Each structure stands twice: as C-alpha cells, then as structure tokens.
Amino acid sequence: MKRPALLALSAVSAALGATLFALTPATADDGPGSGLQGLSLVASAGGQRIIGDTIAGQSPGTVDSGVPDAEATLTLSTGRAFASVAWPSNLAGNAGALLALLGPNPCTPGDVGPVPLPIPITCSPVSIPQPVQDQYPLLNDPLKAEAQYPTSPSQDTSVPGATMSARTTDAAAEANALVGAAAASGVESFGSVQATAVDKLTGARTGASDAHSTISDINLAGGVVTIGSVATTAHAQTDGATATSSGSTTVQDMKVVGVPVYVDGTGVHAGSAGAPIDSATAAVNQALSGAGITMSLTKPTTTTRNGTSTYTAGSLIVDWDQGVTFVFGGASATAGATLPYQVDLSGFPTTPVTVPSSVPPVPVPPAGQPVVSGGGGALPPSTGEAPVTVPQPAVAPPQVALRPAAATGLPGGIGAAWVLVGLALAGLLAAFLQRLPDDVLDDDASHCPLEGPT
C-alpha cells in the first residue's frame, strides 16, 4: 500500500477513535470523599487539665497543662494526628528557650524595672558546660507522636507507663495517648487516663469525627473526694448538605467523705440524679467547703449550620481555693463539608426542536444562463460590481427550543451516513495524495533536485 493511502487510513482511524471516546459515558469515582468539594474534620480529647495561673502568679492561660492530649485533623488533601502524654503550658514548653536566653552564667533578678527588688543581682560564678546547653532544645517539646499525611503517615512513641501513636492516610487520621501509671501529689492522684481522636471519610460524600477521653480512680484532697471515672465523648458527621453532632459526659461512682453524690451544673448533691438525698446534701457541701473545694459540671455545646456541626462535651470542674483548677474530661468534634457546584437545568424548556418535513428545492440555472428573479425578468450576467441575489421560497422559521444535553453526549450517536461521508472524503484525500510523484515522498532528503545531475 502506498504511503498516501496509509496516511489517509491513519487519519480516518484516529478521527473515529476520538469520536467513540468522546461518546463513551464517564464512570463516576465512588472512592471516599470523591463526591465532596471541601472537607474539614477536627477531633480533640484530653483526660485532665491543670490550670495553675493564680498560684504561679502568671497571666491567664500561661500555666495550663493537659494529661494526655490527642488531636486529629483531616481534609481532602492532608491529614494530621498528634498524641502527647502531657502537653505543657507555654511557660513549661519554652523552658529550653528560656535557659538558652539566660546564657552560660545565669543571673538572679535584682534592681531591674520601676519597682526595686530586695534581692541583688547575682550571677553564677561557674559556667554551665556546653554539652548541657546543647540539650536545652529538648526541653521545648513534650513526649509526643505526630503523623502528617502524605509526608510522615505514622509514628509511635513509648515511655515507661505511657504509649502514644499517630496514624494518617488519605481517608483517616487517628491519635491515641494512654497513661497507665498512677500520678500522685499531695492534692490529687489518678490511675489510668486515655485520650483518642479519630477523623474518617466513611463514603464518597460522608465523613465523621470522634473524640473520647476516660480518666479513672481520681482521689482529691487526701480522699475527701473520690471518683471512679469521668468519660466524655463527642461525635459529628456530615454529608455536605446536612450535619449532626452528639456526645455525653458521664461521672461514675463519685463520693464525698464516703457519701455517694452526683454533680450537675448547680453543684454537688447527695444520692443520685434519680434519687437525691436532700438531707445529706448540706453535710456533703460542708465537707467540701472545709477542704476548700467546689465542683460543678459544665453543659455541652452544639453548633450546627448547613453542612457543618460541632459538639463540645461538658467537663467536671474542681476548683481548689489555693489557686489551682482541675478539669476532668473533655472532648470536641467538628465535621464540615461542601458539595460540588451544581447547575439547575429544571427551568429550561423541554420542547424538542421541530424541522419542516420538506423544503422546496431552489432552481439553479445552467452555467452561462441569466438568473431569473422572482418577478420573471431576466437579469444580465454579473459584472462583479454588485452581487446577484436569488430569492428563496418563503418558509416559516422553525420553532427552536433549547433542551439540556444528556450526560452521555449525542442522543443518537453518529449516523451511518456521516460515517460513509467521512470514509469517502478520506478516499478522495488518498487518491489525491497518490498522484504526487513518488520521488517527492521517497527521495533521499540529502539530495536537492535543484542542484541538477551530479
């Protein structure tokens, strides 16, 4: 087969292949999150917080630590999970930077500022060894496990009595922190505490966020208050159009000087929520007052708007009059998403396009004959100075109405007639190309025909 015919056949095959590909219906991806335009899932949980701003003489929010801490965040392109045994306050978390600022010979404060201090400035006569100073940056960060998708999808960290883990994928982020060893002080002790935060895509257009924390065997003021456990949960889910959230806070086996009690937003009551003992409530609160303790349970909050909902669980608040506040439990979950932009075509007319069944042919005179106008008079041949117009038969314009196109392309596909026309044109092109001299297509490119015989 000659090269022109091959070229024509290739052109026809490519054109038909492109047409068939364009008419093939697209298959929708039903993977997690594939039907969403935007996504924001956030979960956080903490078993216990200790706020000591007053006793430390610092500004609010400065001395605030949590045991433990779990956080998770998920979007359509990224995921982050963070778990820590104890997230320190700003003051403790920057201890390394503070020591580095003091230098190798730290000094005590003295007569600095508008208010003179009774302590004179005294600097250390012995320099801190450089190897010790090199370890200062380690004091800025807590023990933690952190994962980031897609760069570092997982991490595990373990220390005596505690474990932390963080996991991320393109459809999930999970952080978990567990402290199994008892922590004790002269004011408070507890057994185990766990915090978990999970964000997950559950379908093409659905996502959920969950947070959970549990702390057990709490002992306050040398046994004045004992609590079996405090558990909080928070859940939120969304499908892009609507969102819901829920959760709970449960305080189990709580006693004051051995008397069973329950706590709500108004304070501590003897007995249980279903069967209060009013006669013993006064004695219970007197015992708490003697220990300098007041307790209450905060109310949960829920915020929902369109495709986003947030739930923040209540916490057990214990205020000690020495300037320390204990916050037991705590969980928050947010789920928000948006759907892709959609065009509403319901208002377009659906009347099909109407075409006249037949159109009278327009007579065309033979070559060289004058064109006869509608009035029957003969017109001279055109001289090029003005165009000659042939009046067309009066045909009523068709009534055309627009209709949304189907998702699969042309409703009727390509008719057989159009395919035959395309093949005929390709054949004509091949015949034309075949007439070209073969030496034009096959001659050696290094020889120029204008050079003449060599």
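The values are calculated or read from the model by the stated rules, or taken from the named source; none is laboratory data. Every value quoted in this text rests on a predicted model; they were computed, and no experiment measured them. In this analysis, Cβ positions are derived from the backbone assuming ideal geometry, glycine residues included, and neighbour counts consider all displayed protein chains. Accessible surface areas use protein heavy atoms only, side chains included; no ligands, DNA or RNA. Shrake-Rupley method; radii C 1.70, N 1.55, O 1.52, S 1.80 Å.
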*When both residues are 6+ apart or on different chains and their Cβ atoms are under 6 Å apart, which pairs have a first residue that lies in region 147-166 and is outside any strand (DSSP E or B), and a second that is buried (at least 20 other Cβ atoms within 10 Å of the Cβ) and not aromatic (Phe, Trp, Tyr)?*
PRO153/ALA147; PRO153/THR168
*What are the residue pairs meeting all of these: first residue in region 68-93, first residue more than 14 Å from ALA175 (Cα to Cα), second residue at pLDDT 90 or above and assigned to a helix (DSSP H, G or I), Cβ atoms under 7 Å, and 6 or more apart or on different chains?*
none
_Test set (1) modelled with pLDDT of 75 or more; (2) out of contact with any strand residue (DSSP E or B) (no Cβ under 6 Å at 6 or more places or on another chain); (3) open to solvent by 40 Å² or more (accessible area, probe 1.4 Å) - GLN148 fails condition number_ = (2)
*Restrict the check to region 298-310 and report whether at least one residue is closer than 16 Å to MET254 by Cβ and surrounded by 14 or more Cβ atoms within 10 Å (Cβ to Cβ).*
yes
*Pairs with Cβ under 7 Å, 6+ apart, first in region 182-207 and open to solvent by less than 10 Å² (accessible area, probe 1.4 Å) and of a type in the set (Ser, Thr, Tyr), second modelled with pLDDT under 95 and assigned to a strand (DSSP E or B)*: none
*Report, by residue number, each residue of region 206-231 that is farther than 22 Å from ALA270 by Cβ and in contact with a Leu (Cβ under 6 Å, 6 or more places away or on another chain).*
GLY207, SER209
*Please find, among SER246, SER289, the residue that is in contact with a His (Cβ under 8 Å, 6 or more places away or on another chain), modelled with pLDDT of 90 or more and open to solvent by 40 Å² or more (accessible area, probe 1.4 Å).*
SER246
_Residue tally, condition surrounded by fewer than 16 Cβ atoms within 10 Å (Cβ to Cβ) and within 48 Å of the chain's Cα centre (by Cα), over region 260-286_ = 10
*Of all residues in region 224-239 being out of contact with any helix residue (DSSP H, G or I) (no Cβ under 7 Å at 6 or more places or on another chain) and either without any contact (Cβ under 8 Å) to a residue 12 or more places away in the chain or of a type in the set (A, V, I, L, M) (or both), the one that is most open to solvent (accessible area, probe 1.4 Å)*: ALA231
*State the number of residues belonging to region 209-230 that are over 20 Å from THR249 (Cβ atoms) and within 33 Å of the chain's Cα centre (by Cα).*
0
*Could you pull out every one of the strands (runs of 3 or more DSSP E) wholly within region 236-338 that has 3 or more residues that are of a type in the set (Asp, Glu) and at positive phi?*
none
